[in-house]
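Reading through the structure tokens given below for one structure.
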Amino acid sequence: MTMIFGVPLVALASQLVIGLFNGAFYALLSLGLGVIFGLLRVVNFTHGAFYTVGAFAAFLLTSYAGFSFWACLVIAPLIVAALAAVLERSLLRKLYGLDALYGLLLTFGIALLIEGLLQFYFGVAGQPYQVPALLSGTSNLGFMFLPHYRAFAIAVSLLLCLLTWLIIEYTSLGAKLRAATENSRLLEVFGVNVPLLLTCTYAFGGALAGFAGVIAAPVFQVSPLMGANLIIVVFAVVIIGGLGSITGAIVSGLMLGTLEALAKVYWPPSANLVPFLIMAVVLFLRPRGLFGKGE
Amino acid sequence: MRYDPLLWVENLQGWYGESHILHGVSLSVPRAQTIAILGRNGVGKTSTLRGIVGLLSRATGSVRMNGTELIGMPRHRIAYTGIGYVPEERGIYGSLSVQENLDLLPRISDRGMSLERIFDLFPNLKERRRAAGGTLSGGEQQMLSIARVLRAGPELLVLDEPTEGLSPVIVQHIGRVLNALKKDGLTMLLVEQNFHFARHLADHFYLMEEGRVVDDFAARDLDARLDTVSSLIGV
Ligand SMILES: Nc1ncnc2c1ncn2[C@@H]1O[C@H](COP(=O)(O)OP(=O)(O)OP(=O)(O)O)[C@@H](O)[C@H]1O
Ligand SMILES: [Mg+2]
């Protein structure tokens, strides 16, 4: 049996797949957080709740209305986007221009509210969600067994990240977003509907989180606190990548997932600490994060 | 025939937070003419322009463009009444390329200038179209700031000190471009500290002091007023 630093290759490779899988979530979530922060200057604590709502939307649509996983993959993010748009228009908007602390408190409060409601109706126990039949198998790669669903999840998440990055860097909509991040008032004077752009950005960030929630549903249990547990690590990812950096969010998301997995193999007790250790080191060496730019 | 200016500002009062800085500015900009606002540092020239384009935190009075009231209009709709704004700080988006800056503004009319014409007027921009806006020299930034709004197709060009801090060669270049635009019938509202630059362009002058217009006269009366002007703006 092939061993790498005293660990069987099979075990290492499986952990790496799990690491990339988690990393893909980190990337999707921190990407949304980063885009929202860049444009709205809001530290969106509702993000974890959006992820949870995405998973619950899929669970409810499938259990009560018979929608397929594939349909949920499209509909659930749209539901989260709509929820996010309503929140932005009705509440968040009133706080622009105030100290960032207000936005943080509001979004934190909304997250507690959403999670509390879900707990009230569904309890804290997790609800199972079936892996779609098409993806339920595994492939023997010779050195490991690759679960199809995980491979699919990694691929589709990365594709979505890549697509987002391409839109931001190479389309005229992306140019408007980047310009609004630099100076939104002047952009408005030029005739760009910035308030609408802000709503759409918040909704889009929410949709990414909702999408991650649907992807998560078959692997983790659908539970009211699933997002709250994840979001803390995601904040570490955002800080490591550099606030507002798109590339930073994606790269550090994947990196962190992978490192976490390696830590699980080589020294299991450290796995949960890894994100925060890395965050501390990065903050010490590069206070603006790996990809952050100076202001 | 009724006097029907393109832009009509009546008793414009403006605030930055608590501080009241415009105390009733009135002026009018007739079609196809160039109007220059002169005045010392800090008298409220920039603030007047910011009030017109909706950038003051609070403004009262009346600003009418083509008869449409701009005070209270959502900021992102103001450009569509036909205003192109070239701010004092130039407002180039540093992380966007020159080309992206040029393509950034929504078209507000079918008068929008083609890229060929833009690069004809400002050949430097063509060479630097792939460069990031933040790497341009002051002169290039000013040219880009003007070029960018011309692409959108405004009826009124609002320029805040387009020659500030630029070398004589570039000032001349910008002067030639603005003169050509004027000949094409573009209306301009210009704030300028460079009096000699302004007198070659403007048809009418307004003098400001302490947030008010204190005098105005036509270009042909300028020589007779030179003493007052000198004492007010110190040229
Ligand atoms: N953002 C701001 N907040 C508070 N006060 C401001 C702000 N901008 C300008 N002021 C004040 O408003 C007054 C008018 O400033 P404004 O910039 O309109 O003058 P200006 O005539 O354009 O001067 P300059 O020739 O130096 O450009 C000044 O007293 C200035 O200190
Ligand atoms: Mg000024």
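Against the condition over 17 Å from A:Leu186 (Cβ atoms) and more than 16 Å from ligand 1 (Cβ to nearest atom), how does B:Arg151 come out, does it pass?
Considered against the rule, which asks whether it is over 17 Å from A:Leu186 (Cβ atoms) and more than 16 Å from ligand 1 (Cβ to nearest atom), B:Arg151 comes out as no.
Does the range B:69-78 hold any residues that are open to solvent by 60 Å² or more (accessible area, probe 1.4 Å) and either aliphatic (A, V, I, L, M) or more than 14 Å from chain A (Cβ to nearest Cβ) (or both), and which are they?
Within the range B:69-78, B:Gly72 is the sole residue that qualifies.
Being more than 14 Å from chain A (Cβ to nearest Cβ) and under 27 Å from A:Ser184 (Cα atoms) is the filter here, so list the residues in the range B:38-61 that pass it.
B:Asn41, B:Gly42, B:Val43, B:Gly44, B:Lys45, B:Ser47, B:Thr48, B:Thr60, B:Gly61 - these are the residues of the range B:38-61 that are more than 14 Å from chain A (Cβ to nearest Cβ) and under 27 Å from A:Ser184 (Cα atoms).
Keeping to the range B:56-114, report how many residues are within 16 Å of ligand 1 (Cβ to nearest atom), among the small types (Gly, Ala, Ser), in a loop (DSSP other than H, G, I, E, B) and modelled with pLDDT of 95 or more.
Final tally of qualifying residues: 1.
Is the range B:152-172 home to any residue that is free of Cβ contacts under 8 Å to residues at least 40 places away in the same chain, within 16 Å of ligand 2 (Cβ to nearest atom) and hydrophobic (A, V, I, L, M, F, W, C)?
yes
Quick one: is A:Phe122 away from chain B (no Cβ under 14 Å) and farther than 23 Å from A:Phe56 by Cα?
no
So the check is Cβ under 7 Å with 6+ separation or different chains; which pairs have a first residue in the range A:177-203 that's facing chain B (nearest Cβ under 8 Å) and a second one that's assigned to a helix (DSSP H, G or I) and of a type in the set (S, T, N, Q)?
Listed pairs, sorted by first residue: A:Val194/A:Ser184.
If you take the residues in the range A:257-279 that are assigned to a loop (DSSP other than H, G, I, E, B) and not aromatic (Phe, Trp, Tyr), which one is farthest from A:Val10 (Cα to Cα)?
Filtering first and then ranking leaves A:Leu273.
So which residues in the range B:12-54 are in a loop (DSSP other than H, G, I, E, B), of a type outside the set (D, E, K, R) and within 12 Å of ligand 2 (Cβ to nearest atom), if there are any at all?
Those that are in a loop (DSSP other than H, G, I, E, B), of a type outside the set (D, E, K, R) and within 12 Å of ligand 2 (Cβ to nearest atom): B:Gly39, B:Asn41, B:Gly42, B:Val43, B:Gly44.
Working carefully through the options B:Gly133, B:Gly94, find the one that is of a type outside the set (A, V, I, L, M, F, W, C), open to solvent by less than 20 Å² (accessible area, probe 1.4 Å) and touching a helix residue (DSSP H, G or I) at 6+ places or on another chain (Cβ under 8 Å).
Only one candidate qualifies: B:Gly133.
Of B:Arg225, B:Arg212, B:Arg176, which residue is within 16 Å of ligand 2 (Cβ to nearest atom), open to solvent by 10 Å² or more (accessible area, probe 1.4 Å) and either within 14 Å of chain A (Cβ to nearest Cβ) or not hydroxyl-bearing (Ser, Thr, Tyr) (or both)?
Sole residue among the options that is within 16 Å of ligand 2 (Cβ to nearest atom), open to solvent by 10 Å² or more (accessible area, probe 1.4 Å) and either within 14 Å of chain A (Cβ to nearest Cβ) or not hydroxyl-bearing (Ser, Thr, Tyr) (or both): B:Arg212.
Taking only the range B:14-39 into account, find how many residues are open to solvent by 10 Å² or more (accessible area, probe 1.4 Å), near ligand 1 (Cβ under 10 Å from one of its atoms) and closer than 12 Å to B:Gly211 by Cβ.
Residues meeting the conditions: 5.
Please go through (1) surrounded by fewer than 20 Cβ atoms within 10 Å (Cβ to Cβ); (2) within 14 Å of chain B (Cβ to nearest Cβ) for A:Asn140 and return the number of the only condition it doesn't satisfy.
(2)
How many of the residues making up the range B:8-59 are in contact with a helix residue (DSSP H, G or I) (Cβ under 7 Å, 6 or more places away or on another chain) and aliphatic (A, V, I, L, M)?
Result for the range B:8-59: 12.
Report every pair of residues separated by at least 6 positions or lying on different chains whose Cβ atoms are under 8 Å apart, first residue within the range A:268-293 and free of Cβ contacts under 8 Å to residues at least 40 places away in the same chain, second open to solvent by 80 Å² or more (accessible area, probe 1.4 Å).
Filtered contacts from the range A:268-293: A:Ser270/A:Leu277; A:Ala271/A:Lys264.
Please go through the range A:78-114 and give me each residue that is of a type outside the set (Ser, Thr, Tyr), farther than 15 Å from A:Ile36 by Cβ and in a helix (DSSP H, G or I), ordered by number.
A:Leu78, A:Ile79, A:Ala82, A:Val86, A:Lys94, A:Leu101, A:Leu105, A:Gly109, A:Leu112, A:Leu113, A:Ile114
Do you know which of the residues in the range B:97-119 that are exposed (fewer than 13 other Cβ atoms within 10 Å of the Cβ) and among the acidic types (Asp, Glu) is nearest to the other protein chains (Cβ to nearest Cβ)?
The selected residue is B:Asp110.
For the list (1) more than 15 Å from ligand 2 (Cβ to nearest atom); (2) at pLDDT below 95; (3) surrounded by 17 or more Cβ atoms within 10 Å (Cβ to Cβ), I need the number of the one condition that B:Ala198 fails.
(1)
The values are calculated or read from the model by the stated rules, or taken from the named source; none is laboratory data. Source: prediction; values computed, not measured. Counting neighbours? That spans all protein chains shown, and the Cβs are built from the backbone with ideal geometry, glycine included. With ligands, DNA and RNA removed, areas are computed over all heavy atoms of the protein, side chains included. Shrake-Rupley method; radii C 1.70, N 1.55, O 1.52, S 1.80 Å.
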